[in-house]
1. Applying the selection to the range 316-355, what residues are open to solvent by less than 30 Å² (accessible area, probe 1.4 Å) and not in a loop (DSSP other than H, G, I, E, B)?
2. Give the residues of the range 297-314 that are under 19 Å from GLU329 (Cα atoms) and in contact with a strand residue (DSSP E or B) (Cβ under 9 Å, 6 or more places away or on another chain), sorted by residue number.
3. Could you tell me whether the range 212-230 includes any residue that is open to solvent by 50 Å² or more (accessible area, probe 1.4 Å) and hydroxyl-bearing (Ser, Thr, Tyr)?
4. Looking only at the range 298-315, which residues are surrounded by 14 or more Cβ atoms within 10 Å (Cβ to Cβ) and more than 19 Å from GLU250 (Cβ to Cβ)?
5. Quick check on LEU102: is it away from ligand 1 (no atom under 16 Å from the Cβ), touching a residue at least 40 places away in the same chain (Cβ under 8 Å) and under 18 Å from the mean Cα position of the chain (by Cα)?
6. Output the number of the condition that VAL128 fails; it satisfies all remaining conditions of (1) among the aliphatic types (A, V, I, L, M); (2) at pLDDT 95 or above; (3) within 16 Å of ligand 1 (Cβ to nearest atom).
7. I'd like to verify a number: residues in the range 154-174 that are among the aliphatic types (A, V, I, L, M) and either within 13 Å of ligand 1 (Cβ to nearest atom) or surrounded by fewer than 19 Cβ atoms within 10 Å (Cβ to Cβ) (or both), how many?
8. Run down VAL160, VAL154, VAL80, VAL108 and say which single residue is within 16 Å of ligand 2 (Cβ to nearest atom) and closer than 20 Å to GLY20 by Cβ.
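The values are calculated or read from the model by the stated rules, or taken from the named source; none is laboratory data. What you see is a predicted model, and the numbers here were worked out from it, not measured in a lab. Here the Cβ positions follow ideal geometry from the backbone for every residue, glycine too, while neighbour counts run over all protein chains shown. SASA here: full protein model, heavy atoms, side chains in, ligands and nucleic acids out. Shrake-Rupley method; radii C 1.70, N 1.55, O 1.52, S 1.80 Å.
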Amino acid sequence: MTELKIENSKAVARSTNLAGLTRTEIETALGCAFSLDAKPARMRVSQIWRWIYDAGATDFAEMTNISKDMRSALSEKFVVARPEITERLVSTDGTRKYLLQLAPGVEVECVFIPGVGRAGALCVSSQVGCTLNCTFCHTGTQNLVRNLTAQEIVNQVMLVKDDLNEWGHGPEDRQLSNIVFMGMGEPLYNLENVAAAIDVISDNEGISLSRRRITVSTSGVVPQMEALGEQTSAMLAISLHAVNDDLRDELVPINRKYPIDQLLEACRRYPGASNARRITFEYVMLKGVNDTDIEARELVRLLKGIPAKINLIPFNPWPGAPYECSSWERIEAFAEIVNRAGYASPIRTPRGRDIFAACGQLKSDSKKRRASELRKQSAGTPVGAP
Ligand code: SAH
Ligand code: SF4
């Protein structure tokens, strides 16, 4: 369990943070702290759970259906806190990017992308950095890599709900209506924690986000795909990006281990895929690399028999990137072929480019930049402050 700084200033509290934990983890924590048997611990968890995940409480004092004595005993042992936001940027298009510090020098980003009406998607990270080196992705160039805990994943959702001020809102009245695991990292290299986080986020007595509104994107970790479907019932997205192995080996090097035919076979077997629950195939448009009409036709041929939608992503540039984005005419011509074959193929509008929040632009290189700044800062931002 993570130990969080409560006030960044002098005192570093060594209390366990309950926010972001699974039911079992909270049960164990309470059981140990108060020598409770399983049943009373479970009952207590139900009460606290609603306060944390439905009401968004960050203080035991708010938990008014719990006795005063118990509340004060809880606050002696535990906290309900958020990770520290070290940077919060808002794009001209309304996209919000948050840089979070999980431990000194360990930072991840998450991005909220408002949609039409009140809908909006939160793009969460599953790892700090990524061990894979897709040649068009900025995250892959980052050295520091570690898996996030389930708590660290859930807490990205918690703090964005704080920032949007939408605790207690019903499903139809929420801006944060979808979650996509398309931030930093390869979620299927961290499946256990991703699955535990999805359990918390979709729990009916809490955040209660439907599993159909949670999408996990993978570069193609074939051996974990079936387990993902079975354990989470989440929607699946595949970062395809090329239609032949030679090119995909280069762009998405994990292809050398799990080539396209194996990947598509695993898609055909993905639990729960149907015309109503299609698999999304992401295809980044790289000028002169993968964007010809021939490739568009081959894409359609490859996906035959798979309930699919195709998402064309204009390449988002980053400093030193070895690619350019295809021209708008080229992307439209490509989309036209895919559309004529009967696939919905939305072209993903780049969002938040001005704050480097678009797909593949995430990289917490701010780690280096901020190291000296952090030393200068005496206190920084209090936990949970926007
Ligand atoms: N590791 C997972 C999820 C995170 S990446 C995966 O690869 O699927 C989320 C999406 O952004 C992937 O489809 C990825 O291929 C795409 N992406 C990465 N870099 C990009 C860039 N520079 N421009 C556009 N899309 C990019
Ligand atoms: Fe990792 Fe996905 Fe980026 Fe590839 S595209 S380096 S798998 S985050």
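1. ILE331, PHE334, ALA335, ILE337, VAL338, ILE355
2. Listed by number, the residues that qualify are LEU299, ILE310, ASN311, LEU312, ILE313, PRO314.
3. Keep residues of the range 212-230 that are open to solvent by 50 Å² or more (accessible area, probe 1.4 Å), which gives 212-213, 223-224, 226, 230.
Going one step further and asking which of them are hydroxyl-bearing (Ser, Thr, Tyr), we end up with none.
No, the conditions are met nowhere in the range 212-230.
4. Going residue by residue through the range 298-315, those that are surrounded by 14 or more Cβ atoms within 10 Å (Cβ to Cβ) are 298-300, 302-303, 306-315.
Answer for the range 298-315, where residues must be surrounded by 14 or more Cβ atoms within 10 Å (Cβ to Cβ) and more than 19 Å from GLU250 (Cβ to Cβ): VAL300, LEU303, ILE306, PRO307, ALA308, LYS309, ILE310, ASN311, LEU312, PRO314.
5. On the way: away from ligand 1 (no atom under 16 Å from the Cβ): yes; touching a residue at least 40 places away in the same chain (Cβ under 8 Å): yes; under 18 Å from the mean Cα position of the chain (by Cα): yes.
So LEU102 fits the description; yes.
6. (2)
7. The first filter runs over the range 154-174 and keeps only residues among the aliphatic types (A, V, I, L, M), leaving 154, 157-160, 164.
Applying the additional criterion that residues be either within 13 Å of ligand 1 (Cβ to nearest atom) or surrounded by fewer than 19 Cβ atoms within 10 Å (Cβ to Cβ) (or both) yields 164.
The qualifying residues number 1.
8. Answer to the selection: VAL108.
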